[in-house]
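Rule-based calculations on the coordinates, nothing more; no lab input. Quantities reported herein were computed from a predicted structural model and do not represent experimental measurements. All Cβ positions, glycine included, derive from the backbone under ideal geometry; neighbour counts span all protein chains shown.
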Amino acid sequence: MDSKGVNHYIEAAKRAIAWQKLQLEQMRACRFDTIAVHGIYSMQEALDFNQGSVIEPIYMSSSQAYHDSDEMEAALGYQIPTWCYSRIANPSMYYLEGVLSLLEGYGSGEETSCIATSSGMSAIASAVDPFLLSDPKRPGAKMNFVATCQLYGGTFQQFAVRKEKEKNIEWRRVVHSNEINEWESRIDENTRFLYGEMPSNPSQGFFDLEKVVQLGRKYGLPVIIDSTVATPALLRPLQYGADIVVQSVTKSLATSGFAIAGAVISRKNLKLNIDNDELKADFAGYLKLLPNRDNGPNISPMNAVLALNDIRTIRSRMDLVSRSTLKVAEFLSTHKHIEQVDYLGIPQHPLHDLAKQYMFLVDSEFDQQYGEKVNRFGHLMSFRVKGGRNETRMVFDAFERIYRATDLGRIKSIATIPAISTHSQQGEEARKIADIPDNLIRLCVGGEHPDDIIRDLDQALSTLDGVKKSYSSPEFSAGGASSSRLQF
């Protein structure tokens, strides 16, 4: 076989890149729902390469073959686009990364990129670790990062144990996340990034993102936001100047519960006070081609496509579950056995007015149903049961429709007690600082009719009156004869 030469493949790649750029520009001109449905998979790609498949195919292959040594040389030298090996990349992964990049960048006017990872936790590690390398200009200096203390329990462990305890990298905690002076007081010449979760899981922490972004700009620090609870359907931090967004795609984006996935989405051409031009030019692309190539935390093709399929309806789903959650929160806020409801959507929440400035149902002003921008606050809420630990467990154990699990973002409603599950490892003192008491139940409202979720909550709370209003018939209750699972 005659050699075509490396330049043959480079020139072909240039034409393909130009075509892809045109496709992306056309998709960026579309509305949010259209992007969610189609992503970066085009009809031309379907007809030319995938036998007309309307839905993105799953590339369940570990590696890519090349026409000859010239193509392999160009590909593995990063001179042409390639997926090479599924530890690094794969067409199915690209489809997921492409749609998330477009959705998070929607309305920002920014060019964005994305890398999908094996989980939300690997996404967090991927997003922060490149900024925690030793600085040759400051040998021996102890690095630190500034982050809110109201975080998901796994994030708390990664920061407190994996970074602080094991690597001696100081986590400077922001206790009152909406106090911008507290953020700034934690920053010094050894600070590497600013990090926050909004809304936070489970206690609905929130802060003025634009003010934190201004701090990042002032000190040349990246602002990294975990926006898992909101999803790009309700909040897109890049639009407000954040540099990097972390998503636990496993949750609301992949609502069916079939996929485990994470993602890092970044704006390009970051303005940071660091000496790494490749990182600043395209952070997510840098992760894919360098650290994540070597460390291997990236997503599998099957998980990528399972998540991709759920994302197509994210806007309408987040609208539905947000409205349902508000109804549930309003019911609980007046219940005699409830001490407090934590949900940004209710006016009595101290951060309600601030959240209203940031959390909107995307494109609601173009929706025939609304015709104007409408606030939506997501499906995650918490409530605190009067009495304490034992009463909280009584209510929790009495749920008959709401699943007891540590998951969230499912199409089915799920609840947990964070103090004994998702946030148990961080300890009582840290939970106290983060305002996660023993009597707090986290509830993630799903796609059921809200009246049925309210009915289940009502019957569970009735146990505190010494009465049990059974939601389900006895033969289908937990531990009944119909259970197919081994009983313990």
Do any of Lys386/Lys469; Lys14/Lys288; Lys218/Lys432 go past 22 Å between their Cα atoms, and which?
Lys218/Lys432
Determine by what factor the alpha-carbon radius of gyration of region 314-476 differs from 2.2 N^0.38 Å, reporting the quotient.
1.07
Counting pairs of alpha carbon atoms under 8 Å apart in space and at least six apart in sequence, what relative contact order in percent does region 314-476 give?
24
Which value results when the Cα radius of gyration for the chain is divided by 2.2 N^0.38 Å?
1.02
Normalised contact order of the chain, rounded percent, pairs of Cα under 8 Å and 6 or more residues apart:
15
Label-point gap, in nm, between Leu289 and Lys356 - each point 7 angstrom along Cα→Cβ
4.7
Take each of the peptides 223-236, 57-70, average the number of other beta-carbon atoms within 10 Å over its residues, and list them starting from the highest.
223-236, 57-70
Given charges at beta-carbon only (K, R positive; D, E negative), |dipole| of the chain in Debye
820
Just need log10 I(q)/I(0) for region 88-311 at q = 0.08, 0.16 Å⁻¹, Debye formula, equal scatterers on the alpha-carbon atoms, no solvent, rounded to two decimals.
-0.25, -1.08
Sorted peptide list for 116-125, 290-299, 21-30, criterion being average Cβ within 10 angstrom, highest first:
116-125, 290-299, 21-30
Whole-Hz ³J(HN,Hα) from phi, Karplus 6.51 cos²θ - 1.76 cosθ + 1.60, for region 46-59, glycine and proline x:
4, 6, 7, 10, 10, 6, x, 4, 5, 9, 4, x, 8, 8
Nothing charged except the Cβ atoms of Lys and Arg (+1) and of Asp and Glu (-1): what's the magnitude of the dipole of region 88-311 about its Cα centre? Round to the nearest 20 debye.
300
Ranked by Cβ crowding within 10 angstrom, fewest neighbours first, how are Val213, Val374, Val128 ordered?
Val374, Val213, Val128
Compactness of region 1-73, expressed as Rg and Dmax over alpha-carbon positions, Å
15.5, 47
Surpassing 27 Å at the alpha-carbon level, of the pairs Lys21/Lys211; Lys165/Lys412; Lys4/Lys280; Lys327/Lys412, are Lys21/Lys211; Lys165/Lys412; Lys4/Lys280
Spatial separation of Cα centroids for region 123-187 and region 326-399, in angstrom:
30
What list do you get for Tyr219, Tyr152 if you sort them by fewest beta carbons within 10 Å?
Tyr219, Tyr152
Sparse-neighbourhood loop hits (GluC sites (Glu not before Pro), region 128-230; DSSP loop; Cβ within 10 Å at most 14 others) -> Glu179, Glu189
Of Ser266, Ser248, Gly196, which is farthest along the charge dipole of region 190-348 in the positive direction, counting Lys and Arg as +1 and Asp and Glu as -1 at C-beta?
Ser266
Work out which helices of the chain, taken as complete DSSP H runs, extend at least 18 Å along their axis over the Cα atoms and score a mean Kyte-Doolittle of -0.5 or more, then list them.
91-105, 314-333
Please identify every one of the trypsin sites (Lys or Arg not before Pro) in region 131-182 that sits in a loop by DSSP and has no more than 14 other beta carbons within 10 Å of its own beta carbon.
Lys137, Lys142
